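These notes are about the structure you will find just below.
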Amino acid sequence: MNEASRGAWGWMAAFGLLVSMGMSWRLLPLRALPETGREVRERQGLLAAISHRPSFSFGFRNGLADIAWLEAVQVVGNKDLSPADYDRLYDLLDVVANFDPKFEIPYFLGGLVLGQSPDHARKALLVLERGRRHYPADWRFPFYMGFTHYFSLGDAVAGGGAMAEAVRLPGAPPYLAGLASRMLTEAREPEAALALLETITRQENDPVRRSVLERRIREVAVERDLQALEEAVERYREKMGLAPGDLSALVREGVLAAIPEEPNGGKYLLVRGGKVRSDRVTQRLRVFQKK
């Protein structure tokens, strides 16, 4: 075997070892800490450790980034992400960016998915900001940062400011200027948020990101309906002198023309204290709760 062949086989063996170890170990394994009762990530996973010293990747940085990215995609594919899933996703995205900082798709998808969790929205901004440092002329990074500020953190000023920054970059679509102004003038209103979301979704061509946006539309629609139904319950109480026994009473007494359809295929239910909930959504969007 000549020197070139031995060198090629050596590189293949090294890469095979890294891949096999990366797939056999959990990349960022979870363990339970008795003192807190919470699951946390151990950051000593093989790829996580190597990603901080890319020179140890033997020239296979892109391949190792792909391994971490595939696992991140599996996490995103979970129907209901737990707090541990969001934490794990953030750590996997960190590994991907360490190995391949010019791989732009993980920044966008990671920012959108992490932004679904109010407790992880700050991490979503960190992911997007890291991408923006590598692509400073790409309007999509401040755009999605504005989206996260507004829809995940309820910060209309920061959201509108980021959108305004996106407007000034090459290739930004004309509708961004209108989005920026509406964020600043119609903050914390579900109807305004739905109009913004529907505009953004129509412009999104990536099917995965579009799916995330469509799910957010349903969440905001539920919050809009819950607010309207709770206001109707109060009007019924003022009119009749007592709380309704169920939501159908709002229609019978002419307070509402009809009960809105729950956008996830579920039902709206009246609960104690005049509050209303969806049987498909377990947590309301804090971002649209009046201060």
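Some points to look at:
- Scanning the stretch 148-198 for residues that are under 19 Å from R209 (Cβ atoms), in a helix (DSSP H, G or I), of a type outside the set (F, W, Y) and modelled with pLDDT of 85 or more yields T148, H149, G159, A162, M163, A166, L194, E198.
- The residues of the stretch 106-144 that are assigned to a loop (DSSP other than H, G, I, E, B) and under 20 Å from A156 (Cα atoms), listed by number, are G115, Q116, S117, W139.
- M145 fulfils the conditions (1) over 21 Å from I217 (Cα atoms); (2) of a type in the set (A, V, I, L, M, F, W, C); (3) modelled with pLDDT of 90 or more; (4) in contact with a helix residue (DSSP H, G or I) (Cβ under 7 Å, 6 or more places away or on another chain) except for a single criterion, (1).
- Residue match in the stretch 99-122 (condition: out of contact with any Lys or Arg (no Cβ under 8 Å at 6 or more places or on another chain), without any contact (Cβ under 8 Å) to a residue 40 or more places away in the chain, surrounded by fewer than 18 Cβ atoms within 10 Å (Cβ to Cβ) and closer than 26 Å to R286 by Cα): yes
The values are calculated or read from the model by the stated rules, or taken from the named source; none is laboratory data. Fair warning: this is a prediction, and the values are worked out from it, not measured in the lab. Every residue, glycine as well, gets a Cβ built from its backbone with ideal geometry; the counts of neighbours run over all protein chains shown.
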